[in-house]
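Comments concern the structure below.
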Amino acid sequence: MKFTLSWLKDHLDTSASLDEIADKLTLIGLEVEALVDPSETFANFEVAEIIATAPHPEADRLQICTVKSGGGEQQLVCGAPNARAGLVGILAQEGAVIPASGMVLGKAKIRGVESRGMMCSGAELGLNDDHDGIIELEAGASIGSPAAVALGLDDPMIEIGITPNRPDCLGVRGIARDLAAAGLGTMKEDATRPIKVEKKGGTPIDVSGESCPVFAGCRIEGVKNGPSPDWLRARLSAIGLKPISALVDITNYISYDRGRPLHVYDADTLAGTVQARQAKAGESFVALDEETYELNATDCVIADDRGVLGLAGIMGGLASGSTLQTKNVLVESAWFDPVAIALSGRHHNIDSDARYRFERGVDPASVETGLALAVQMIVEICGGTVCAPVMAGAVPDNKKTVRFEPARVHQLTGLEIDEADMQAILTQLGFEVKKGKPWQVDVPSWRPDIDDATQGADIVEEIIRIYGLDEVPATPLPQAAGIVRPSLTLAQRRAGLMRRALAGRGLVEAVTWSFISAEHAAAFDVAQGLELANPISSDLSHMRPSLLPGLMVAAQKNADRGARVINLFELGNEFKAATPGAQRFAAAGLRAGLGGVKTWTAAARPVDAYAARADAEAALAACGVATDTLQVLSVDTANGAGCYHPGRSGILARNPREPMAVFGELHPALLARFDIDIPMVAFEMWPETVPEPKAPKQAGSDIARPALALSNLQMVRRDFAFEVESPIPAADIVRAARGADKKLITSVRVFDVFEGGQLTEGMKSVGLEVSLQPTQATLTDAEIEAVCEKVTAAVVKATGGRLRG
Amino acid sequence: MQDETGAVETRIMDAIAAATDLSALEDVRVAALGKKGEVSALLKTLGGMDADDRQRLGPVFNQLKIRVTEAVQSRRATLEAEDMSRRLASETLDMTLPVDTDPQFEGRIHPVSQTMEELSAIFASMGFDVAEGPDIESGFYNFTALNIPEAHPARQMHDTFYLTAEEDGEPLLLRTHTSPVQVRTMQAGDPPFRFIAPGRTYRCDSDQTHTPMFHQIEGLVVDEATHMGHLKHTLEAFLTAFFEVDNVAIRFRPSYFPFTEPSMEVDMRCHRDGDKLVVGSGDDWMEIGGSGMVNPHVLTHAGIDVEKYQGFAFGMGIDRLAMLKYGMPDLRAFFGADLRWLKHYGFLPIDVPGLAGGLSNKSLAAK
């Protein structure tokens, strides 16, 4: 919402400065977004007179002008056809910034003749499209006076952001009212006079349907439309509206002055009765923006006997609007249902000042006062004979009385305010207070936002914003005695631990978009309905079913930028179905490119799936899983692992029915689908698959560690090498060895694996280190030998392999 | 006899001094002190002497044995030291060669996560729990329950992403703010409430300070007596702790949010020092979030008795808080997963924010 200082002062009698007004506006909830003082724009421009001209010796179309300004006389070269002695215009001095071009004016030599300063055209000053000649001011303009004053552009413009609850401040008079209540002056009387009827008979008007309860119109005959007077043009220009013609400008002016949209029809284009009604299917019309709109039954339209004239409260029609030839007019002042206007405006995607106001709620009382003001201004500016106004329907009664308990102010704000002050503020804002228990507060017709069902909060807000929010005393929240209890849920704690465990493994945390492209979504079987209806780009159109696509794309981008070791992880939600809550919290890590660059101790090595498994185990361990008890299952035993290389991946699980994580090399076909040209290994893990620890029988009893039994007896370690068929998993061998003597054997470790050499084709050698920890007595050689034989027997039985000599 | 002893001693001492390695020295020792050594032989003669001679020569021979033993030990120590020096001289490594970096100094925590942990730590100290809610929401929770009915202009101002799927005839959407968590959490429990709700939020918008996905934190306190003064103190205390300065004053500006009444924008005191933002002092104000007293309509939708309960709510952008504190210039980079950016602005895993040690460890920042 834009207005100028002088415009505000039409309604507010105040001695406050511009800065005081601006500060107060912000503090009462009318946030100042911009302050533009045009006199700053014209700081180096002044009124000057051409006192003599002489032809330029080198150019027929140029003249050498002697110009008199406040600082004396100077010579400049001018090409304007209207440059002549006696012309008083606007002189830009050296250093001036020409508004239209942004150019800084310096000394110049034009075709060999020195030229200081420039006489300006309206176009150069950004005032209009007049390129043909320099500005000619009316005689009497004082030489040397500031250009802004001479051009009537010294009126500061204020732009404020109006929140949707304050339609009353979409008119300057409403803003003035708020400022007056806040102590910055007094409201001036409204100078609108009742309509003085000069002629009988008007345009017949009717209303039907629910969207338009009242439609008032007034016919004025014999008007003369033309350019608006300067003051009106200046005001509209100052707020960025283009002056068009007096009839149009007057309606725009009242829209901003009173928040009251109006429409002026060329009455000679109308046929029969003008009525507000619901549109009929199949109807259409050409609007002022020259677009054709197809209407439907939910739209409220203004129509005559021939058809639709305009979309009610949103935009008028091209055919029935006023033109410079218009002689007889019908002025429309109506009230439309805000919801109907909002839906209709949204459906047709039309933004207009009228829609903006109607959908927020125009003061119904302004149907009559707005019409009277419009008629008054039209007659003043365009003349004409006023016919009797016609009103169809009735002004809706939006009178409201809310109950208000003054103690609510203290309850909600912590602030003690005198009841008399409360009453004064409300009264100034147009509320009528009837004291009692509780108070009965009549709400003014221009405040549709005030609601009786907020326990008085709406009234408290009115009081406190005017009284001053600065006064609210900062008060500590009451705190329970003792130390605050932990605030995080188990899932939140796990997320924090996983994050640090994964970063501790050298992975860098990324936050990637929750949405991915359709193509990538297809590769991951995204569920029905997870597509955005209005994506911001085709790359971000589907909710991610997995964290992998985002990480894969990110890793490739890093590789494209030259990164070689790319280690990323992310914690976040995967979306499984189009339902609130059908999201699963996941951790995923991705290693791409090299596992390590070449160093002086080692060659460069590619990423390998074992690192991904270690990452997965770290995430699980951070959630409290004893990872040494997990099985590694092959991916084809579970669903949803199709993005991994079937031979180089695995599932980590406590048992085959409860998979907790999946890891491995990404499937080459998937990489190809993503146009990825570097190797990638990844893991995915879902913390919700990790059961919550059982609640202890007694609070805190699960914190102490179990007793530690240490043996002082010498540990014995023995190495074995078994030759087994290559496909036999190492885990089977380890499990068999471990099971040979569960009491004595405390660990079995694979320290060597190889194929080839002297081994038969299809066989491999697996080296195991078995640790024996006696607890009763030191082991004798015979006892050790017996255990070793049990280990060998168990492995041979389980794998069909043999002990190598 | 004594002269003879002196000559033996001189010869042995010369031989000890002449031994250039440990084995030569051992030969000398055996020749002197061994079973058949010269000194041992002298000592053996004592047995055949008369008492006077034994009385006289016993000490002489024993002293000789002691001196020879000491001389051998001393020479051995010297030779061992020389051996060690030679060995050490041959055993050098170039200790300037690079070592492998520990992975825990290679990994990073994203600034949004770090900031969320800071927020959790601060609000935990004021007794706030951490609540969560779904990213995909219904129109009811995102709007209607928050007092934003269909056709309300505020709905249009949210730049909402809609899904193609519907629920109860209304399209599902991506939550435009974390405020739906207020309603869900209140519906699931009983007052009093005191929680924050951080999370991902979505709006159809993109420029230097807007991305289609971003992070917000919601705060809610509902009980029988909490008022705007408590809100003011809570926010001041939070901002003071978060920005790690002595005191951050805030200013309330009246505003409008359908889910609070009265509604206030929150500005914090700050000033610019060159390009740098200094929080807590100066004459400027920077908008930091929205807040207000929970609108009774919202409490009613959440099943809370409005005759008895009231409270405040606030919302802030987490990414923006991180940018203001840690100096990232462009929000879009948060979600670009550029390793160079993440390494520079990210946090080490050992850098766990806590109130006891201070939230940020400046010495651990990326170099």
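None of the figures in this text is laboratory data; all of them are computed from the coordinates on show. What you are looking at is a predicted structure, and each value in this text was computed from that prediction instead of being measured. Note that we place each Cβ from the backbone using ideal geometry, even for glycine, and neighbour counts take in every protein chain shown.
Some observations on this one:
- Set of aspartates and glutamates with alpha-carbon distance to B:Lys65 below 19 Å, sequence-local pairs under 8 removed: B:Asp3, B:Glu4, B:Glu9, B:Asp14, B:Glu26, B:Asp27, B:Glu38, B:Asp53
- For A:570-582, mean number of other protein chain Cβ atoms within 10 Å: 4
- Counting only residues at least eight positions apart within a chain, or on another chain, the aspartates and glutamates with an alpha carbon under 14 Å from that of A:Lys435 are A:Glu405, A:Asp418, A:Glu419, A:Asp421.
- Over all other residues within a Cβ to Cβ distance under 14 Å of B:Ile16, the charged ones net out to -1, with Lys and Arg as +1 and Asp and Glu as -1.
- Cα gyration tensor shape for the stretch B:105-345, rounded if a/c is under 1.5, else prolate or oblate: oblate
- Enclosed volume per residue, in Å³, of the convex hull spanned by Cα atoms of the stretch A:1-62: 178
- Relative contact order [Cα under 8 Å, 6+ residues apart], chain A, whole percent: 8
- Spatial offset of the stretch A:750-805 relative to the stretch A:123-168 amounts to 97 Å, using the alpha carbon center of each.
- FRET efficiency estimate (nearest 0.05) - Cβ-Cβ, B:Gln208 to A:Glu471, R0 45 angstrom: 0.75
- The stretch A:402-459: GluC sites (Glu not before Pro) in DSSP coil with no more than 10 other Cβ atoms inside 10 Å: A:Glu416
- Euclidean distance of C-alpha centroids, the stretch B:83-111 and the stretch A:689-724, integer Å: 34
- Pairs from A:Lys557/B:Lys362; A:Lys576/B:Lys343; B:Lys325/B:Lys362 whose Cα-Cα separation, in the structure shown, is over 22 Å: A:Lys557/B:Lys362; A:Lys576/B:Lys343
- Among the chymotrypsin sites (Phe, Trp or Tyr not before Pro) found in the stretch A:566-674, those both in a DSSP coil and sparsely packed, with 16 or fewer other Cβ atoms within 10 Å of their Cβ, are A:Trp600.
- In straight-distance terms, cross-link reach from A:Lys764 covers every one of the aspartates and glutamates whose alpha-carbon lies under 16 Å from its own, apart from those fewer than eight places away in the same chain; here that gives A:Glu723, A:Glu725, A:Asp732, A:Asp752, A:Glu755.
- At 1.002 mPa s and 20 °C, Stokes D of chain A from Kirkwood alpha-carbon radius, µm² per second: 60
- Lysine pairs meeting the criterion (Cα under 29 Å, 8 or more apart or interchain), as found in the stretch A:144-244: 6
- Net charge of Cβ neighbours under 14 Å - reference A:Leu532; Lys, Arg +1; Asp, Glu -1: -4
- The stretch B:190-251, dipole about Cα centre (Lys/Arg Cβ +1, Asp/Glu Cβ -1), debye to the nearest 20: 120
- In the stretch B:208-285, GluC sites (Glu not before Pro) in a DSSP loop with at most 15 other beta-carbon atoms within 10 Å: B:Glu224, B:Glu244
- Taking one quarter of the surface of the convex hull spanned by the alpha-carbon atoms of the stretch B:277-326 gives a direction-averaged projected area of 5.1 nm².
- Global form of the stretch A:684-769, assessed from the alpha-carbon gyration tensor, a/c cut-off 1.5: oblate
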